[in-house]
Amino acid sequence: MSGLPFWTVIVGLGIGTFLIRFSFLGLLGQRPLPPWVLRHLRYTAVAVLPGLVAPLALWPTATGGQTDPARLLAALATVAAGIWTRSVLGAMAAGAVVLYAVLGLGAL
Amino acid sequence: MSSSTSPLARGIRDGLPFLVALTPFGLLFGVAAAEAGLGLGKALAFSVAVIAGASQFTALSMMRDGAPVLIVLATALAVNLRMAMYSASLAPHLGGLPLWQRALAAYCLVDATYAASIAVYEREPGWTLRDKLAYFAGVCLPVCPTWFLLTVMGAMLGRSVPDWMALDFAVPICFLAMVAPGLRTLAHLLAALTSVALALLLAWMPYSSGLLVAALAAMAVGAETDRRMAG
């Protein structure tokens, strides 16, 4: 991964991300956003990240695409702990514990 | 919350707890960048130019899959769209600053700096523009430079991390941990389920473009559910 495509992604993502952050602070001043735009923006993170993770949890590249109980259970534990504790760190800890516990059991 | 503490000092103090979550995430990005074959310089350039972990991971993993530049950019930028909402919500507080200060604040506008600032601005209606800027700068001070430092440290650790640590799965866990605490409303739940279902169903689409379709559909589902529940 090098050369022109790499730098195009870095520069493009850098400028694009800056413009997203600068949008209302910088250019549109203090005019409020229309409610329908705000409604969509509120759901961007929850719309992208679960879809990004789902194939990695079901078909991990590390196991050659074979479904791995450790990774799948760790993903489910992370979500469950996150909903239950409402804490990012609690969710991370639960996922890590389950991942290593099941990987460890499998290695016995 | 003694009123004798300056807004700058309060900002620094409120920024520090975010380092606990930032540390594994930043180290992981450095490690992932090294494993993808990026050198120290490129890994650091990535973090300095973009300074948004989730989109950096997204772009990195899609580039490893050989996705075309435009698809990588569109998907990684979609991850950052939520920051337009941050920008809009801070505009009434920081919109009065000179242009260069607004540009600098925009560059440092990440999840941590937004979450801390908006909470305090709403609790401290008496703060002047200067106080608000000082607080925002205070939160940035521990958070933003640490992100760069962690990238470098992770990139140096790089390939020395053994396979049994299953680091490939640390990033999925981080992403799920970021999203799960927010799954409190029906709209958030339905958006997340749509995203998962469509991403799996459309996994056959070339170059991860199925993810982009899944994300746009999930966003619409979340917004529409929100509208119906509210109306």
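The values are calculated or read from the model by the stated rules, or taken from the named source; none is laboratory data. What you see is a predicted model; the values in this text were computed from it and never measured. A quick note on method: Cβ atoms are made from the backbone with ideal geometry, for glycine too, and the neighbour counts reach across all protein chains shown.
Give the residues of the stretch A:49-108 that are free of Cβ contacts under 8 Å to residues at least 12 places away in the same chain, within 7 Å of another protein chain (Cβ to nearest Cβ), more than 29 Å from B:A115 (Cα to Cα) and of a type in the set (A, V, I, L, M), sorted by residue number.
Result: A:A62, single match.
Determine, yes or no, whether B:T113 is closer than 27 Å to A:P5 by Cα and of a type in the set (S, T, N, Q). Show your work before the answer.
Working: closer than 27 Å to A:P5 by Cα: no; of a type in the set (S, T, N, Q): yes.
Judged against the criteria, B:T113 is not a match.
Quick check on my filter: what residues within the stretch B:172-189 are part of a helix (DSSP H, G or I), surrounded by fewer than 24 Cβ atoms within 10 Å (Cβ to Cβ) and at pLDDT below 90?
Within the stretch B:172-189, B:M178, B:P181, B:G182 qualify.
For the stretch B:201-224, name all the residues that are touching a Phe, Trp or Tyr at 6+ places or on another chain (Cβ under 9 Å) and in a helix (DSSP H, G or I). Before the answer, list the steps.
Within the stretch B:201-224, the subset touching a Phe, Trp or Tyr at 6+ places or on another chain (Cβ under 9 Å) is B:203, B:210, B:218-223.
Matches in the stretch B:201-224: B:G210, B:A218, B:M219, B:A220, B:V221, B:G222, B:A223.
Keeping to the stretch B:23-58, report how many residues are among the hydrophobic types (A, V, I, L, M, F, W, C), in a loop (DSSP other than H, G, I, E, B) and more than 7 Å from chain A (Cβ to nearest Cβ).
Residues of the stretch B:23-58 among the hydrophobic types (A, V, I, L, M, F, W, C): B:25, B:27-29, B:31-34, B:36, B:38, B:40, B:43-46, B:48-52, B:54, B:57.
Those left that are additionally in a loop (DSSP other than H, G, I, E, B): B:36, B:38, B:51-52.
Checking which are more than 7 Å from chain A (Cβ to nearest Cβ) leaves us with B:51.
Residues that pass the stated criteria total 1.
Looking for something within 17 Å of the chain's Cα centre (by Cα), within 7 Å of another protein chain (Cβ to nearest Cβ), closer than 24 Å to A:L73 by Cβ and modelled with pLDDT under 95 - is there at least one such residue anywhere in the stretch B:190-208?
No, because not a single residue in the stretch B:190-208 is within 17 Å of the chain's Cα centre (by Cα), within 7 Å of another protein chain (Cβ to nearest Cβ), closer than 24 Å to A:L73 by Cβ and modelled with pLDDT under 95.
Filter the stretch B:161-184 down to the residues that are in contact (Cβ under 8 Å) with a residue 40 or more places away in the chain and more than 21 Å from the chain's Cα centre (by Cα) and list them by number.
Residue satisfying the conditions is B:V161 alone.
Taking B:V20 as the residue in question, decide whether it is part of a helix (DSSP H, G or I), at pLDDT below 90, crowded, with 23+ Cβ neighbours inside 10 Å and within 9 Å of another protein chain (Cβ to nearest Cβ). Spell out how you get there, then give the answer.
Numbers: part of a helix (DSSP H, G or I): yes; at pLDDT below 90: yes; crowded, with 23+ Cβ neighbours inside 10 Å: no; within 9 Å of another protein chain (Cβ to nearest Cβ): yes.
Taking the combined requirement at face value, the residue does not satisfy it.
Quick one: would you say B:A115 is surrounded by 19 or more Cβ atoms within 10 Å (Cβ to Cβ), under 28 Å from B:A218 (Cβ atoms) and at pLDDT below 90?
Against the criterion (surrounded by 19 or more Cβ atoms within 10 Å (Cβ to Cβ), under 28 Å from B:A218 (Cβ atoms) and at pLDDT below 90), B:A115 does not qualify.
A:L25: surrounded by fewer than 20 Cβ atoms within 10 Å (Cβ to Cβ) and either modelled with pLDDT under 90 or part of a helix (DSSP H, G or I) (or both), yes or no? Give the steps one after another, and end with the answer.
Details: surrounded by fewer than 20 Cβ atoms within 10 Å (Cβ to Cβ): no; either modelled with pLDDT under 90 or part of a helix (DSSP H, G or I) (or both): yes.
When the stated conditions are applied, A:L25 does not pass them.
Name the residue that is nearest to B:G30 (Cα to Cα), counting only residues in the stretch B:144-160 that are in contact (Cβ under 8 Å) with a residue 12 or more places away in the chain and polar (S, T, N, Q).
B:T151
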